[in-house]
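S.K.: One structure is given below, represented as structure tokens, and several questions about it will come after.
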Amino acid sequence: MTVGLSRTLVFPEKTLPDAAGLIAEGRAMAKEIMVGRAPFLETYRVGSEIEYKRQAMAQGRITMHAQIGFRDLAKSRRAYHEIWDRLAGSGYRVDRYGICLDWSMGYPRAMRKDMPRGTGLIMHDVEDWISLTSAAPVAPHFGDFVIGTPAAFENTIAALLSGSTSIGNLGQYFAFRQPHWDDDIFTTAESLKAIALTAAQPVPVIVHSNLDDGFASIFTDLSCSLGTILLEQYIVDELLGGHAAYSFGNTYAKPFSRLAFQRAAQKISTTPGTMIYGATTMYGPNHAANYAALATYLRVDIYGEKTRPAGHAVNPTPVTEADRIPDIDEIVDVHMFANRLVELDLPLHSLYRDEDVDALADQIVSGGRQFKSNVLDGFAQAGIDIRNPFEMLLAIRRVGSKRLEELYGPGKPDPGRLRGRKPLVRSHSIEQLEQEGEGLIGRMTVSDRDAIAAAGLRGCIATTDVHEYGKVLIETVLKGLGIEIIDGGISTDPNDLALQARSSAADFIALSSYNGVALQFVTELRRELGERCTDLPVFIGGKLNRIPDGTNTSLPVDISKEIAAAGAIVCTTVDGMITELLQIARNRPAAGSRRRV
Ligand code: B12
């Protein structure tokens, strides 16, 4: 199937960088840069985490992953040591840390200090990286803002020197955009060099991809997510001689399909998996209630890894995660819970039956293989060189998840559905958001709905970062209310959004923001909108917090009031925006009798 895809559409540039030259440059660096002997490798006498994982798989041992990364390096070092130490004191082990670098770390080092910051760890020299991973014998997994960003090569060098043998994140490469950074050729070149450098190491180094950070959170078909693993293996292992491994979990909230996906991916894995991430979309504001979600997904993950190990560590996510970045005590607590659950869980395994879940896993695998071959055939027919890893990476990134699924998804065409296909195995997140949106409209009175529809409003909808679910929800509601939608994009910049809102004569902007940049974004957006749009309403929702300058807790605090003072209407719920829109609609002449400026 080639509908709508052609080389010139995907690559309008006359020439692209020489892939072979970039690969040679990356490989050559392996003469100087090698994996440092961090305490993890020394203590367990292994050459790499892959070796350690294979040993744990052979022993049938469940391994544990914790996510850490506070803004402040000293606090992050303390966490690295203290979590390991306190768990060891109880006879338990944390095997690996996923280190949450700040997204500003994704810019080349010289630019970092002037770029927008999120809520994660900021480091400066290689010595900082080494001092962190030296703090305890736990495997350092640099899963975010390394490969896949403009700083891919330099950050991979630092990660290797600090003893990391698990580096990501290809998922981010495909789906993330650093604010104010449009040069995807540079990002691809640096990422290709980084992968080549890992592939040329004398020990195997994992090139990690969190599928949810990439396309899996937006695909409607789990087969496409599995097909993504196959495509990543094709590029990293087959074309570049490296070791691709995947992670999944954030958005896999249904226990049955979560287990089926673990089974399916286990069948096609060559390298041990990194971690099964906590099902964080199951968490809400009530911490006690979150324990039920925690136990539910951990049980499934423990069972999956115990019975058909894919090499993943399990990831007990603190119950405070929906509020903000969790603190050290909360991480220790949740690991105590998980370790005790492993002990209590094993006797239950004989109660489970596997036939139904295996049948679903087989369906996901066959759909995934179909997706991979559809993508390769389609790309080849469009004139993309499918043996060239640079072209493969950039083409997948530029075509994007929605279009890839529309064009190459294995489900039968079904024009009425999202992506125009009936998924082979439905992924639930997007469908659930649509149902939530429809429910909100259903609860409104007919006269309120009619009033909004009659006003002929037009809204420009965008996100400041990769979190897109809030936008999907808002779009569903606004469409249902007959409001025209101007798509302001994902991970957009304030100047671009202001331009689009003005040129499309939008009546309001609706913005979703989660990464701690909301205040800066709204301030710049207001400035860019300028004098002419002083009364253009800007609605904003999501996670409206920020790490205050000079804090010593490294934890974000709510800044809704400051955002409101900067000129946005803060909405904790979608109802809040609907009430305001109703007000606007009632104060306006009917559609048709208004002139747009
Ligand atoms: C799903 C998710 C992801 C998915 C996103 C998938 C996708 N394509 O959208 C993935 C896995 C990709 C992801 C990635 C990351 N994430 Co995330 N993610 C979440 C999670 C679990 C859910 C957020 C969500 O979408 N909820 C669904 C929406 C619909 O519901 P809601 O948030 O409750 O929103 C309500 C209202 O706010 C309102 N609303 C939302 N937007 C708007 C807009 C308007 C106009 C209106 C009126 C209303 C409105 O609608 C909802 C209805 O009540 C949260 C934790 C949590 N449980 O909240 C973390 C969370 C938001 N992520 C977080 C982080 C740090 C990240 C990463 C940086 C992690 C990393 N190191 O890689 C990356 C992002 C990198 C980047 N470049 O941006 C942090 C943010 C930290 C903070 N600000 O304190 C959180 C809070 C987790 C945590 N505790 O660390 N994430």
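The values are calculated or read from the model by the stated rules, or taken from the named source; none is laboratory data. Note that the structure is a prediction, hence the values are computed from the model and not measured. As a convention, Cβ positions derive from the backbone with ideal geometry for all residues, glycine included, and neighbour counts pool all protein chains shown. Just the protein is used for accessible areas: all its heavy atoms, side chains included, with ligands, DNA and RNA removed. Shrake-Rupley method; radii C 1.70, N 1.55, O 1.52, S 1.80 Å.
S.K.: What pairs come up if the first residue lies in the stretch 99-124 and is more than 15 Å from the ligand (Cβ to nearest atom), the second is modelled with pLDDT of 95 or more, and their beta carbons are under 6 Å apart, counting only those six or more places apart or on different chains?
M.R.: Short answer, once both residue conditions are applied: 108/150; 108/151.
S.K.: Have a look at 221, 237 and point out the one that is among the charged types (D, E, K, R) and either buried (at least 24 other Cβ atoms within 10 Å of the Cβ) or in contact with a Gly (Cβ under 6 Å, 6 or more places away or on another chain) (or both).
M.R.: Of 221, 237, the one residue that is among the charged types (D, E, K, R) and either buried (at least 24 other Cβ atoms within 10 Å of the Cβ) or in contact with a Gly (Cβ under 6 Å, 6 or more places away or on another chain) (or both) is 221.
S.K.: Here are the criteria: (1) closer than 27 Å to residue 194 by Cα; (2) modelled with pLDDT of 95 or more; (3) open to solvent by 10 Å² or more (accessible area, probe 1.4 Å); (4) in a helix (DSSP H, G or I). Tell me which single one residue 401 does not satisfy.
M.R.: It fails just one condition, (2).
S.K.: Looking at this structure, is residue 54 closer than 23 Å to residue 345 by Cα and open to solvent by 40 Å² or more (accessible area, probe 1.4 Å)?
M.R.: In short, yes.
S.K.: Return yes when residue 56 is out of contact with any strand residue (DSSP E or B) (no Cβ under 8 Å at 6 or more places or on another chain), among the hydrophobic types (A, V, I, L, M, F, W, C), without any contact (Cβ under 8 Å) to a residue 12 or more places away in the chain and more than 16 Å from the ligand (Cβ to nearest atom) and no when it is not.
M.R.: Answer is no for this residue.
S.K.: When you scan the stretch 169-181, do you find a residue that is part of a loop (DSSP other than H, G, I, E, B), open to solvent by less than 10 Å² (accessible area, probe 1.4 Å) and small (Gly, Ala, Ser), even just one?
M.R.: no
S.K.: Across the stretch 441-465, what is the number of residues that are polar (S, T, N, Q) and surrounded by fewer than 19 Cβ atoms within 10 Å (Cβ to Cβ)?
M.R.: Residues meeting the conditions: 2.
S.K.: When you go through 144, 184 one by one, which is the residue that is within 15 Å of the ligand (Cβ to nearest atom), open to solvent by 10 Å² or more (accessible area, probe 1.4 Å) and modelled with pLDDT of 95 or more?
M.R.: Criteria check complete, one pass: 184.
S.K.: Sticking with this structure for a sec: Can you report the number of residues in the stretch 418-447 which are more than 16 Å from the ligand (Cβ to nearest atom) and part of a helix (DSSP H, G or I)?
M.R.: Residues in the stretch 418-447 being more than 16 Å from the ligand (Cβ to nearest atom) and part of a helix (DSSP H, G or I): 3 in total.
S.K.: Name the residue that is farthest from the ligand (Cβ to nearest atom), counting only residues in the stretch 187-205 that are open to solvent by 10 Å² or more (accessible area, probe 1.4 Å) and outside any helix (DSSP H, G or I).
M.R.: Going through the qualifying residues, I end up with 202.
S.K.: Consider the stretch 229-253. How many of its residues are of a type outside the set (S, T, N, Q) and either free of Cβ contacts under 8 Å to residues at least 12 places away in the same chain or in a helix (DSSP H, G or I) (or both)?
M.R.: Final tally of qualifying residues: 10.
S.K.: Let me confirm something: among 303, 297, 291, 234, which residue is over 18 Å from residue 57 (Cα atoms) and touching a Leu at 6+ places or on another chain (Cβ under 9 Å)?
M.R.: 234
S.K.: Can you name every residue in the stretch 276-303 that is away from the ligand (no atom under 13 Å from the Cβ) and open to solvent by 60 Å² or more (accessible area, probe 1.4 Å)?
M.R.: Result: 288, 291, 292, 299.
S.K.: In the stretch 64-118, which residues are crowded, with 20+ Cβ neighbours inside 10 Å and among the acidic types (Asp, Glu)?
M.R.: Answer for the stretch 64-118, where residues must be crowded, with 20+ Cβ neighbours inside 10 Å and among the acidic types (Asp, Glu): 95, 102.
S.K.: Take the conditions of a type in the set (Gly, Ala, Ser), over 28 Å from residue 339 (Cβ atoms) and at pLDDT below 95 and apply them to residue 118. Does it pass?
M.R.: Taking the combined requirement at face value, the residue satisfies it.
S.K.: Determine whether residue 409 is surrounded by fewer than 23 Cβ atoms within 10 Å (Cβ to Cβ), over 17 Å from residue 235 (Cβ atoms) and among the small types (Gly, Ala, Ser).
M.R.: When the stated conditions are applied, residue 409 does not pass them.
S.K.: I want to confirm something. Restricting to the stretch 306-334 and keeping residues that are part of a helix (DSSP H, G or I) and of a type in the set (Val, Ile, Thr), which single residue is most open to solvent (accessible area, probe 1.4 Å)?
M.R.: Across the stretch 306-334, the extreme among qualifying residues is 307.
S.K.: For the stretch 385-396, indicate whether the set of residues that are acidic (Asp, Glu) and not in a helix (DSSP H, G or I) is non-empty.
M.R.: yes
S.K.: Hey, does the stretch 521-530 have a residue that's farther than 25 Å from residue 549 by Cβ and in contact with a strand residue (DSSP E or B) (Cβ under 9 Å, 6 or more places away or on another chain)?
M.R.: Scanning the stretch 521-530 turns up at least one residue that is farther than 25 Å from residue 549 by Cβ and in contact with a strand residue (DSSP E or B) (Cβ under 9 Å, 6 or more places away or on another chain).
S.K.: What number of residues in the stretch 236-261 are more than 16 Å from the ligand (Cβ to nearest atom) and in contact with a Phe, Trp or Tyr (Cβ under 8 Å, 6 or more places away or on another chain)?
M.R.: Number of matching residues: 2.
S.K.: How many of the residues making up the stretch 245-275 are of a type in the set (A, V, I, L, M) and open to solvent by 10 Å² or more (accessible area, probe 1.4 Å)?
M.R.: 3
S.K.: Tell me which of these residue 369 doesn't satisfy, since it passes every other one: (1) under 24 Å from the mean Cα position of the chain (by Cα); (2) crowded, with 18+ Cβ neighbours inside 10 Å; (3) assigned to a helix (DSSP H, G or I).
M.R.: (2)
S.K.: Residue 209 - would you say it is in contact with a His (Cβ under 8 Å, 6 or more places away or on another chain), within 16 Å of the ligand (Cβ to nearest atom), in contact (Cβ under 8 Å) with a residue 12 or more places away in the chain and within 30 Å of residue 33 (Cα to Cα)?
M.R.: So residue 209 does not fit the description; no.
S.K.: Are there strands (runs of 3 or more DSSP E) fully within the stretch 457-563 with at least 2 residues that are more than 9 Å from the ligand (Cβ to nearest atom)? List them.
M.R.: Correct list: 458-463, 484-489.
S.K.: Checking the condition among the small types (Gly, Ala, Ser), farther than 29 Å from residue 426 by Cβ and more than 16 Å from the ligand (Cβ to nearest atom), which residue from 366, 350 passes?
M.R.: Answer to the selection: 350.
S.K.: With the structure loaded, tell me whether residue 31 is modelled with pLDDT of 95 or more and in a helix (DSSP H, G or I) or whether it fails that test.
M.R.: no
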